[in-house]
1. How about the range 159-198: which trypsin sites (Lys or Arg not before Pro) there lie in a loop by DSSP and see at most 15 other Cβ atoms within 10 Å?
2. Using r as the Cβ-Cβ distance of M186 and Q326, and R0 as 56 Å, what FRET efficiency do you calculate, to the nearest 0.05?
3. Count charges around A302 for me, please; just the other residues with Cβ under 10 Å from its Cβ, Lys/Arg as +1, Asp/Glu as -1.
4. Sorted by packing (mean other beta-carbon atoms within 10 Å per residue), highest first, where do 207-214, 313-320, 185-192, 126-133 land?
5. For the pair R400 and T422, how long in nm is the line joining their label points, each one 7 Å along Cα→Cβ?
6. Taking the highest mean first, how do the peptides 294-304, 399-409 order by number of other beta carbon atoms within 10 angstrom per residue?
7. Assuming R0 = 22 Å, what is the FRET efficiency of E109 and Q200, from their Cβ-Cβ distance, to the nearest 0.05?
8. What is the distance, in nm, between label points placed 7 Å from the Cα along the Cα-to-Cβ direction at S294 and at T393?
Amino acid sequence: MHEGDIASGKSPPPPAGPPALTGKKPGRRTAQSRGRRLLIYLAVVLLSASAGVGTTIAVRHAGASNPADTRLPADAAAQARPEAMNDETVYNEVEPGIVDVNANLQYLEETAEGTGIVINAAAGLVLTNNHVIDGATSVTVTPVASGRSYQAKILGYDRSDDVALLQLPGAAGLKAVPIGDSSRVMTGTSVLAIGNEAGQGGSPTVAPGVINGLNRTIEATDQSAGINEILHGMLQTNADIRPGDSGGPLANAAGQVIGIDTAAGGNAVYSGYAIPIDQALSIARRIAAGHGSSAIHIGLPAFFGVLLPDSKSTDPRQQASQERQQAGSVVSRSTGCGTGDIAAAPDSIAPARTGALVDEVLCGTAAASAGLFAGDVITSIGGRPVTAPGSVTSILGRYRPGSMIWLDWISPDGSSHSALVTLSAGPAD
């Protein structure tokens with residue numbers, strides 16, 4: 001490994017050995033048809049791309065929480081590193097516990113690919129980024145060591161810290177990655193980022209670098225989706241983290257995972273970011289124990305199956321107006337269900353003073369079974385008044401999949417309707 005190469009941000013020539021050391025990848029998304037988003041977090045600063053359309057979340061701002069934590073130039077950090085790094089040795093230590101993660105985003109007609117690590121082989125527990133599985137209706141995990149795919153169970157996730165915990169029921173032959181202590185990481189520490197670059201699967205690829213910042217706060221954004229996330233306590237590195245690496249390991253010279261590859265970006269100076277492993281594991285333990293909170297969601301959310309305007313207005317017509325300004329068009333009221341690809345408000349709207357306007361009803365959902373259509377306005381769920389689109393999310397958050405609730409709405413012709421619906425398990429959000 002050549003210090004000059006690392007200092008300049010270039011990946012050094014791979015050592016003789018596994019062909020996996022010839023490249024590098026973070027998370028990506030594939031889209032057969034890029035339609036309306038269902039609040040899908042494609043990939044934190046890095047990652048979310050797929051074979052058709054790639055999406056990368058860029059870091060808009062990075063700052064140290066501790067004023068004493070100054071950022072070292074890459075060459076100075078490389079010279080200051082306390083230990084030598086052998087790429088091949090580190091790779092061989094970590095690779096048996098790395099998995100490829102493929103999320104099926106049914107309602108977006110997309111897939112999202114990323115990386116994960118096994119943290120408990122006996123229980124089949126896999127740690128990854130929340131943005132890798134955000135919007136997923138199903139998740140497939142493939143340990144790179146065996147190449148055998150498993151249908152994963154989403155145990156839970158933390159949107160604010162971008163951590164998700166999966167389980168592989170019945171998976172055999174798993175091996176957990178060695179875990180390090182991220183609290184002892186210093187600037188100048190040599191690291192190796194490993195991941196499923198571009199979501200291509202198979203042998204992971206690698207990117208060497210050093211830690212050149214601690215306890216960083218960043219604003220990660222997906223410009224195409226208009227999503228912004230503030231992430232705290234991040235490790236900063238000059239390792240070349242790319243789409244597809246999301247959820248993958250950042251390892252130290254001892255072959256121990258000290259962080260979860262999560263974001264990357266920069267203008268004049270490139271920076272990659274990783275969630276410290278201590279922080280990620282703390283969240284994973286709470287999820288595994290079933291301890292939900294305002295930030296941690298256990299299991300999949302209850303799902304109704306409607307697309308609503310991104311508006312805080314209580315007036316359905318104002319919601320539609322804002323939607324049309326954003327989309328620049330309207331759509332005729334549909335007498336059937338859709339697949340989530342409508343990108344505008346309906347032209348016919350129920351005469352309700354308050355409530356949540358329905359932009360589209362997704363096929364095969366509780367809303368479709370109840371008989372809702374685009375242009376209807378939801379006024380009550382479970383006896384609780386719906387005053388705006390945000391009310392639907394907050395009310396449904398009180399329920400679990402399988403719950404039966406009463407739904408009230410008004411149609412464009414002014415008629416009122418009620419129905420008892422059974423909520424299904426929806427996409428991870």
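Coordinate-derived values only; no laboratory data. No experiment lies behind these values; they were computed from the predicted model shown. No Cβ is skipped: glycine too gets one built from the backbone with ideal geometry, and neighbour counts run over all protein chains shown.
1. Details: sites: R159, K175, R184; in loops: R159, K175.
Loop-located and lightly packed - K175.
2. Values: r = 46 Å, r/R0 = 0.82.
It comes out at approximately 0.75.
3. Numbers: positive: R398, R400; negative: none.
For residues surrounding A302, the net value is +2.
4. Working: 207-214: 25.5, 313-320: 20.0, 185-192: 21.9, 126-133: 31.4.
Going from most to least packed, we get 126-133, 207-214, 185-192, 313-320.
5. 1.6
6. Working: 294-304: 18.8, 399-409: 16.4.
Per-residue mean Cβ counts within 10 Å order the peptides as 294-304, 399-409.
7. Numbers: r = 20 Å, r/R0 = 0.93.
With a Förster radius of 22 Å, E is 0.60.
8. For S294 paired with T393, the spin-label model returns 1.5 nm.
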